[in-house]
1. Roll a 1.4 angstrom probe over the protein heavy atoms and tell me the percent of accessible area of the stretch 112-178 that is carbon or sulfur.
2. Taking a probe of 1.4 Å, how large is the accessible area per residue of the stretch 52-178, in Å²?
3. How big is the antiparallel share of DSSP beta bridges in the stretch 59-178, given as a percent to the nearest 5?
4. For the stretch 22-138, evaluate the Debye formula with one uniform point scatterer on each Cα (no solvent term) and list log10 I(q)/I(0) at q = 0.09, 0.14, 0.18 Å⁻¹, rounded to two decimals.
5. R60 to R114: extension gain in nm, 0.36 nm per residue of separation minus the Cα-Cα distance?
6. May I ask you to list the residues of the stretch 53-79 whose amide nitrogen lies under 15 Å from a point 7 Å from Cα along the Cα→beta-carbon direction of D32?
7. In Å and whole numbers, how far do the C-alpha atoms of the stretch 87-178 stretch along each principal axis, longest first?
Amino acid sequence: LEHLKVLQKKLSSTEVPNRSKILKESSFSVNDISGSSTMKGKGNPLKDDKYFILHHTAGRGTPQGVVGILNRRRLGVQWVIDRDGGIYQTLPKGSFGQHVAPNKSSAPSDMSNRTSQGVEIIGSNDKDILIKQCKSALMIIKDLGYSLSNVYGHGEVQSNKQATEGQKCKRYATKYWS
């Protein structure tokens with residue numbers, strides 16, 4: 001319980017943490033709401049999981065509401081970060097989602113839903129994303145063992161998305177990676 005209080009204090013602070021402090025706090029609270037997803041890929045294993053995609057929801061709401069919208073659209077993503085920096089697992093571990101259809105030349109040729117995990121960060125656009133949400137995204141990325149070179153904003157790899165989608169948290173990750 002004490003480590004959760006420390007984590008919440010870090011997430012709500014305005015101080016910029018250095019990486020070593022984030023990494024020492026390797027145990028963080030994840031709320032599992034994966035049972036509410038109707039994603040057809042649920043339970044199927046990720047294949048060569050090596051990319052991480054940063055999305056934003058293009059609106060406000062709750063993690064449960066995000067899953068509801070994804071269900072109606074027959075989509076799925078592994079993680080959601082709420083406005084307070086809370087982390088929600090929205091698909092069972094190891095499941096692939098339906099969150100990216102890379103079609104830009106900047107996207108690796110092997111990037112797909114089966115080779116990537118993604119996070120929906122609750123916010124109207126990239127300017128609406130909060131630093132505490134970027135802190136949580138960095139914690140997920142580091143905890144899962146991704147390399148920075150394999151982290152992409154959704155707008156970098158998919159042409160029908162805002163070009164800036166995912167860039168604020170990618171810049172944050174780049175700045176505080178080492």
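1. Details: 1280 of 2630 Å².
Of all accessible area on the stretch 112-178, carbon and sulfur atoms account for 49 percent.
2. Numbers: 5320 Å² over 127 residues.
Per-residue accessible area for the stretch 52-178 comes out at 42 Å².
3. Values: 5 of 8 bridges.
For the stretch 59-178, the DSSP antiparallel bridge percentage is about 60.
4. -0.22, -0.56, -0.93
5. Numbers: separation 54, 0.36 × 54 = 19.44 nm, distance 2.75 nm.
Going from the current span to full extension adds 16.7 nm.
6. 79
7. Extents along the principal axes, in whole Å: 30, 29, 26.
The values are calculated or read from the model by the stated rules, or taken from the named source; none is laboratory data. Just so you know, these numbers come straight off a predicted model, no measurement behind them. Counting neighbours? That spans all protein chains shown, and the Cβs are built from the backbone with ideal geometry, glycine included. Each accessible area value is taken on the protein alone, full model and side chains, heavy atoms only, with ligands, DNA and RNA left out. Shrake-Rupley method; radii C 1.70, N 1.55, O 1.52, S 1.80 Å.
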